[in-house]
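Here, each number is a calculation from the coordinates, and none is a lab measurement. As the structure is a prediction and not an experimental result, all values here were calculated from the model. Reconstructed Cβ throughout: ideal geometry from the backbone, glycine too, with neighbour counts over all protein chains shown.
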């Protein structure tokens, strides 16, 4: 199969047929990559809902060089040979991204100070980067009471942005689907028909895929802010999953176990509830070493695990 | 009165029964098509006729049929969209209730042309009484050999089912309709792929509006060329217009496309003028989602040409000074109407009916409703008006399905043409009507 040539923000890249604009941009990396609040490469059929990744296609392909009439969702649009895409270079795209960020925040409680996700929340990142400084809404926000959707997962529906990722997890990773979307429009909610019905070995992954603080780990809630914990790569023999995890530690204590996330916040591999919730002793794990955290993340504060020391042995200023 | 294609026998008592319908020449087009035409010939007659989709978008029906993927070995489906729920539109119900056999006849023709062995009529849940009428008609058609195995000895077999929805406007969007028909939550799918390639149960599918399908028997009986002789420009044939609001004679009219709007509103043959000798203020020409136009722009285009009831003429001037024919829900308002209140009603509807999948529509429709409510109840500010324009601009074109556009267009157009009225609400801090 010949590779397709696509240009994103004036950078050319060659990708296989069937690749989406999003994945082509991820191949280039850096600031060219559109933000994704709902797309999750490991979940089939995800993406297209949040509309934050909308980009402008200023040339459809070599064959048909007309621009596409509307902005397109980069996570769901396959590239064509000779496609020219504008992401950050298009003022229209950036203006729309501001608007979408505002839409996502209209009904969001903005309760970051008491939210466990703060510090690793994609919506926080998105609004720092694209949001307005002031709120233009004065209306009441929709509210729900927090509920338990299983023994180990707490749902704060107020914070949910309806990305449908957890629904796809429930659909694709777990055996019995007990969880979905109820209601319609801005009063629709992620829920289970029968209370506390989420009960299977891989349900904990719903917490990891949630881009906001809507689904949180009940064994970790209010224990610590994430930036006061230190992440370590670790693994154990597990019959159910790969057993490769990140331990979030404070002193000698393991406060939380999660899967390993890549630079786009996506799990490298799904892990089972056994590893996630029931192994919180350091003796359960073989610790590999400190987890590399991106410099821009608040979690990286106070982490001095490795300095890049030049070969002459002296650190340059 | 123009030639009546859809409503010709609508006043005949008992038309919903097979005997009466058959006596008036019903099902003759099926006999003709199965005997004399190959499926492709039926398609080409429809293409020749220039018939356009009557659900609102006005996409050429023959071309839509041409897109269906005939190369796969998967079964193909033909689906009738009877989820008529656009505010102001009530034409399909009229056909389904009074002349169900015409719809079934059209379904057989369409299914034959597309090679579908199973077809569905997806009917709006609120129209349960119409569902009963259609089911009775389907049973009669089976009994008389027009449905089922080996129709009239032609070797072609077809099963037809009528399925009610659960009362969601969004299920009128064709991919949401297919999801709902499959028994899932009625969320629109992300396109592409289009239903002509991946539709119902993942198989190639064509979805057409009731009125489009009901026109098929006439086209087969009289030929595509005869149909295309009616109408004007690229707007061929006749169209049902459901006229309502402040007119003397509200109701459903079959017009030849190209009729002047002025004649439609004022002639006694149609709407019969504005009620109580009031004056015309504004018209929503094609169901609540199309842009509203003030009196001077609906009667004449911006260039001063008379406005005609056709796809092209109504959209002349773009959204700056034009609108769309849409689904034919013709809502007339006189000078006693408050545009803001009317818009609030529409906004409330779209907020209620948004499926909640994609964020601009889910959050934006509710936001617009709240702001409009504020302005109408006398608490608005001048900034709110610009905020509304800004919100509508960012919903439009950014959503998965056209519901976002449908919610944004009325807001944008009402402010474009009636800004003073919004400002008056703000200045007086109450509704002036």
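Brief remarks on what is shown
- Coordinate range along principal axes, alpha carbons of region B:339-428, Å, largest first: 38, 20, 19
- Look at the alpha carbon pairs under 8 Å that are at least 6 residues apart: their mean separation over the length of chain B gives a relative contact order of 16 percent.
- Exercise: per-residue mean of other protein chain Cβ atoms within 10 Å, A:63-74: 1
- Rough spin-label spacing in nm, given labels placed 7 Å along Cα→Cβ, for residue B:3 and residue B:35: 2.2 nm
- Gain in span if fully extended, residue A:200 to residue A:81, counting 0.36 nm per residue against the direct Cα distance: 38.5 nm
- Normalising the Debye intensity of region B:158-237 to I(0), with uniform scatterers on Cα atoms only, and taking log10 at q = 0.12, 0.16, 0.19, 0.20 Å⁻¹ returns -0.49, -0.76, -0.90, -0.94.
- Mean-position separation - Cα centroids, region B:233-298 and region B:78-107, in angstrom: 21 Å
- Two-decimal log10 I(q)/I(0) for region B:13-108, as the Debye equation yields it once each C-alpha is a single scatterer, q = 0.11, 0.15 Å⁻¹: -0.42, -0.78
- Helix-only mean residue ellipticity at 222 nm for the protein assembly as shown, each DSSP H run of n ≥ 4 adding -39500 (n - 2.57), per residue, nearest 500: -9000 deg cm²/dmol
- Neighbour counts of other Cβ atoms within 10 Å put B:365, A:19 in the fewest-to-most order A:19, B:365.
- Average beta-carbon neighbours from other chains, 10 Å sphere, peptide B:393-401: 4
- Net lengthening on full extension, residue A:237/residue A:114 (0.36 nm per residue, minus Cα-Cα): 40.7 nm
- Counting neighbouring beta carbons within 10 Å and listing from fewest to most, the residues A:258, B:345 come out as B:345, A:258.
- Taking other C-beta atoms within 10 Å as the exposure proxy, A:238, B:401 rank A:238, B:401 from fewest upward.
- Distance from the alpha carbon centroid of region B:1-67 to that of region B:135-165 works out to 17 angstrom.
- Counts of other chain beta carbons within 10 angstrom of each beta carbon in peptide A:103-111 average 4.
- Between region A:10-62 and region A:87-124, the alpha-carbon centres lie 19 Å apart.
- Expressed per residue, the C-alpha convex hull volume of region A:4-101 stands at 91 Å³.
- Distance between the 7 Å Cα→Cβ label points at residue A:182 and residue B:278: 4.4 nm.
- Whole-Å semi-axes of the ellipsoid equivalent to chain A (Cα gyration tensor, √5λ, descending): 32, 26, 21
- Nearest-ten-degree value, helix B:339-353 long axis tilted from longest Cα axis of chain B: 50 degrees
- Derived from the Cα gyration tensor, the three semi-axes of the equivalent ellipsoid of region B:234-334 are 18, 15, 12 Å, largest first.
- Our summary gives region B:234-334 a relative contact order of 33 percent, counting only alpha carbon pairs under 8 angstrom and 6 or more residues apart.
- Reported value for the protein assembly as shown: 196 Å³ per residue, from the convex hull of its C-alpha atoms.
- Cα-Cα separations in region A:162-273 greater than 25 Å, expressed as whole percent: 26 percent
- Per-pair calculated FRET efficiency, R0 = 41 Å: residue A:144 and residue B:428 via Cβ, rounded to 0.05: 0.60
- The simple spin-label model puts a point 7 Å past each Cα toward its Cβ; for residue A:128 and residue B:23 those points are separated by 8.0 nm.
- When the Cα convex hull of region B:111-176 is projected onto planes of every orientation, the mean area is 4.9 nm².
- Relative intensity of chain B on a log10 scale, I(q)/I(0) at q = 0.07, 0.12, 0.13 Å⁻¹, equals -0.34, -0.99, -1.14, per a Debye sum over C-alpha point scatterers of equal strength in the absence of solvent.
- DSSP beta bridges in the protein assembly as shown [antiparallel fraction, %, rounded to 5]: 70 percent
- Cβ-Cβ FRET estimate between residue B:393 and residue A:16, R0 fixed at 30 Å, reported to 0.05: 0.25
- C-alpha long axis of helix B:403-428 to longest principal axis of chain B, angle in °: 20 degrees
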